[in-house]
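Chemist: The structure that follows is given in the form of structure tokens.
The values are calculated or read from the model by the stated rules, or taken from the named source; none is laboratory data. In this text, all values refer to a predicted model and were calculated from it rather than measured experimentally. Using ideal geometry, Cβ is built from the backbone for each residue, glycine included, and neighbour counts are taken over all protein chains shown.
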Amino acid sequence: STPPPSDAADRGIWSSKLGFVLAASGSAIGLGNIVFFASNAYQFGGGAFYLPYFIALFVMGIPVMIAEFSIGTRTGRSFPMALRALVGKRGEFVGWWSLTSALFITMYYVALLGWALCMMVAALGGLMEPGATAPFEPFLEPTAGPNAQVYFFKILATWWPMLAVIAIWAMTLLALWKGTETIEKTVRVAVPLMWLFMIVLIVRGVTLPGGTDGVMYLFTPDLSGISKPDVWKGAFSQMFFSLSLGLGTMTAYASYLPKDSDQVNNSFMVSLLNCGFEYIAGIAIFSMLFAFSLNPAGSSISLSFFVIPQGISAFPFAVKAFGFAFFFLIVMAGVTSAISLVEGMASAIIDKTGAPRATALACVAVPGVVGSLIATLPMIVDPGLGENGTVGLNFLDILDHWAFGYSLLTVGLIETILLGWVFGAANLRAFVNEHAALQLGAWFDVLLKFVIPAILATVIVWNLWIDL
Ligand code: PFF
């Protein structure tokens, strides 16, 4: 089964390895690294989480990334067509299934970014300044003092997030307009800026009185995590999402690389950059939480949208600037991830049908925008539920539960079985090793064929168990 003809010259190519690494790390670094990681790390007891997480990186993250990258360069095709070329129609089916989850994940990912954009503007308007009266009173009911939680719920109840969602989609599509050329232009600016803003936030965090206690909490090894199965489950699920695996993005990005690219090296670079960013984001957030004795229990949404803003309000100076910096960072990190999600889908449509890029983008953007708008509709979000500290994000919760808890992990499971058994791990490894400085050993086959599918299957069955 050869892939159908598609105009290879038209698919685009990264101008340099740096362009690719920036784009792929921009995809990996996102909301997952800033908010989901911190709330997982807290929930699982700080130092008890990072050892399992580190193991998940080497046992599953890097090997799956090597596989996803190398099938992209080997076939020069995006996810469904690459799988079809290697394992036939079954593979293509899994590819489209994965892109369907990607579409749903993009809808809610962009909805979160829309809220972050609203909060960014509100922060600039002085939302977090101590003693400030609520900014934007013409648009929102006035609140008593700078209470980020109250304010966030008020924002949720307006139409502003819908406007913000449109703005985020517009930025994303603008960056995708000319494929690799415009993606590269965007990530060359956005990715270094993300690192810079994050470093500023860390320096602020650890220099707060008591801030280093948070760092100790995060990094003091606590071996108790090893014996707790749910810590392992959390670590493996978070790793899959954080590295942008199973959603077609990494294969699409790698398909724009020359065939002789060293995918072992690329995978190590991208995943270490990702996890490095995650750990430093953890330092910035935990130092702030500990300095002000804030309790991040609850959802990752509450952590990012009101617990952290509450901490920033207590900064001794430059509250506006730091408030802006935090949400700006989320928006930048998130948009470079959204770009990759949409590119994974659009490139598959182009490979399959030969449609012009604009048409393929429209096929993704139309349902995507509608879904993101529904997710931010005030009556769907129902901030009224917020009274007891939770956000009534019904639609988001449902999406998150199905797309992330089941679909994504199941795709990962089938994908590794197809590549490990049907195409053959040894086959894949031989191709990777042709171009790799660091040679993969037989351990790669063992991981891809046995260990990773077993882990993913266990996590899926476990999620089912909890649900039933
Ligand atoms: N890795 C991104 C994050 O950590 O926020 C999310 C993501 C982007 C997942 C792209 C999957 C993907 F294909």
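Chemist: What is the residue count in the range 222-236 for residues that are within 16 Å of the ligand (Cβ to nearest atom) and either surrounded by fewer than 19 Cβ atoms within 10 Å (Cβ to Cβ) or modelled with pLDDT under 90 (or both)?
Modeler: So the answer is 1.
Chemist: Which pairs have Cβ atoms under 6 Å, sit 6 or more apart or on different chains, and link a residue in the range 239-265 that is within 13 Å of Arg74 (Cα to Cα) and within 16 Å of the ligand (Cβ to nearest atom) to one that is polar (S, T, N, Q) and not in a loop (DSSP other than H, G, I, E, B)?
Modeler: Taking only residues 6 or more apart or on different chains, the pairs are Ala252/Ser347; Ala254/Thr73; Tyr256/Thr180.
Chemist: Exactly one of (1) assigned to a helix (DSSP H, G or I); (2) within 26 Å of Ile414 (Cα to Cα) is unmet by Ala48. Its number?
Modeler: Ala48 satisfies every listed condition except (2).
Chemist: Name the helices (runs of 4 or more DSSP H) wholly inside the range 316-433 in which the number of residues that are at pLDDT 95 or above is 1 or more. Full working, then the answer.
Modeler: Values: elements: 319-353, 357-376, 378-381, 394-399, 409-417.
So the answer is 319-353, 357-376, 409-417.
Chemist: Hey, another quick one. Is one or more of the residues making up the range 323-335 within 16 Å of the ligand (Cβ to nearest atom) and touching a Cys at 6+ places or on another chain (Cβ under 9 Å)?
Modeler: Yes; the residues of the range 323-335 include at least one that is within 16 Å of the ligand (Cβ to nearest atom) and touching a Cys at 6+ places or on another chain (Cβ under 9 Å).
Chemist: Another question about this same structure. Using the structure shown, decide if Thr100 is surrounded by fewer than 24 Cβ atoms within 10 Å (Cβ to Cβ), over 29 Å from Pro316 (Cα atoms) and either modelled with pLDDT under 90 or among the hydroxyl-bearing types (Ser, Thr, Tyr) (or both).
Modeler: Spelling it out, Thr100 is indeed surrounded by fewer than 24 Cβ atoms within 10 Å (Cβ to Cβ), over 29 Å from Pro316 (Cα atoms) and either modelled with pLDDT under 90 or among the hydroxyl-bearing types (Ser, Thr, Tyr) (or both).
Chemist: Okay, moving on. Go over the candidates Ile312, Ile301, Ile308 one by one and state the one that is modelled with pLDDT under 95, under 28 Å from Val121 (Cβ atoms) and surrounded by fewer than 23 Cβ atoms within 10 Å (Cβ to Cβ).
Modeler: Details: Ile312 fails: surrounded by fewer than 23 Cβ atoms within 10 Å (Cβ to Cβ); Ile308 fails: surrounded by fewer than 23 Cβ atoms within 10 Å (Cβ to Cβ).
None of the others qualify; the one that does is Ile301.
Chemist: Going residue by residue through the range 272-281, is there one that turns out to be within 14 Å of the chain's Cα centre (by Cα), within 14 Å of the ligand (Cβ to nearest atom) and not hydrophobic (A, V, I, L, M, F, W, C)?
Modeler: Filtering the range 272-281 for residues within 14 Å of the chain's Cα centre (by Cα) gives 273-275, 277-278, 281.
Add one more test, that the residue is within 14 Å of the ligand (Cβ to nearest atom), and what stays is 273-275, 277-278, 281.
With the extra rule that they be not hydrophobic (A, V, I, L, M, F, W, C), the set shrinks to 274, 278.
Scanning the range 272-281 turns up at least one residue that is within 14 Å of the chain's Cα centre (by Cα), within 14 Å of the ligand (Cβ to nearest atom) and not hydrophobic (A, V, I, L, M, F, W, C).
Chemist: Here is a follow-up. What are the pairs, 6+ residues apart or on separate chains, where a residue within the range 25-37 that is on the phi < 0 side of the Ramachandran plot and modelled with pLDDT of 95 or more has its Cβ under 8 Å from a residue that is more than 6 Å from the ligand (Cβ to nearest atom) and not in a helix (DSSP H, G or I)?
Modeler: That search, which allows pairs on different chains as well, returns Ala28/Leu243.
Chemist: If you don't mind, another one. Being within 23 Å of the chain's Cα centre (by Cα) and not hydroxyl-bearing (Ser, Thr, Tyr) is the filter here, so list the residues in the range 411-447 that pass it.
Modeler: Step one: of the range 411-447, the residues within 23 Å of the chain's Cα centre (by Cα) are 411-416.
Within the range 411-447, Val411, Gly412, Leu413, Ile414, Glu415 meet the criteria.
Chemist: Pull out all pairs, ordered by first then second residue, where Cβ-Cβ is under 9 Å, the residues are six or more apart or on different chains, the first lies in the range 117-132 and is crowded, with 17+ Cβ neighbours inside 10 Å, and the second is part of a loop (DSSP other than H, G, I, E, B) and at pLDDT 85 or above.
Modeler: Once the first residue is crowded, with 17+ Cβ neighbours inside 10 Å and sits in the range 117-132, its partners that are part of a loop (DSSP other than H, G, I, E, B) and at pLDDT 85 or above give Met128/Phe315.
Chemist: Would you mind finding the one in Phe44, Phe20, Phe36 that is more than 16 Å from the ligand (Cβ to nearest atom) and of a type outside the set (D, E, K, R)? Outline the logic, then answer.
Modeler: Details: Phe20 fails: more than 16 Å from the ligand (Cβ to nearest atom); Phe36 fails: more than 16 Å from the ligand (Cβ to nearest atom).
When all the criteria are applied, what remains is Phe44.
Chemist: Right, another one. Going residue by residue through the range 210-221, is there one that turns out to be within 16 Å of the ligand (Cβ to nearest atom) and not aromatic (Phe, Trp, Tyr)? First the steps, then the outcome.
Modeler: Step one: filter the range 210-221 for residues within 16 Å of the ligand (Cβ to nearest atom), giving none.
No - not one qualifying residue is present in the range 210-221.
Chemist: Also, I was wondering about something else. Quick one: Asp7 ticks every box in (1) modelled with pLDDT of 90 or more; (2) more than 14 Å from the ligand (Cβ to nearest atom); (3) among the acidic types (Asp, Glu) bar one, so which box is it?
Modeler: Asp7 satisfies all of (1) modelled with pLDDT of 90 or more; (2) more than 14 Å from the ligand (Cβ to nearest atom); (3) among the acidic types (Asp, Glu) except (1).
Chemist: Moving on to the next point. Residue under question is Val307, and the condition is that it be within 16 Å of the ligand (Cβ to nearest atom), touching a Leu at 6+ places or on another chain (Cβ under 6 Å) and either of a type in the set (Lys, Arg) or closer than 30 Å to Tyr217 by Cα (or both); does it hold? Give the derivation first.
Modeler: Working: within 16 Å of the ligand (Cβ to nearest atom): no; touching a Leu at 6+ places or on another chain (Cβ under 6 Å): yes; either of a type in the set (Lys, Arg) or closer than 30 Å to Tyr217 by Cα (or both): yes.
No; evaluated as a whole, the condition is false for this residue.
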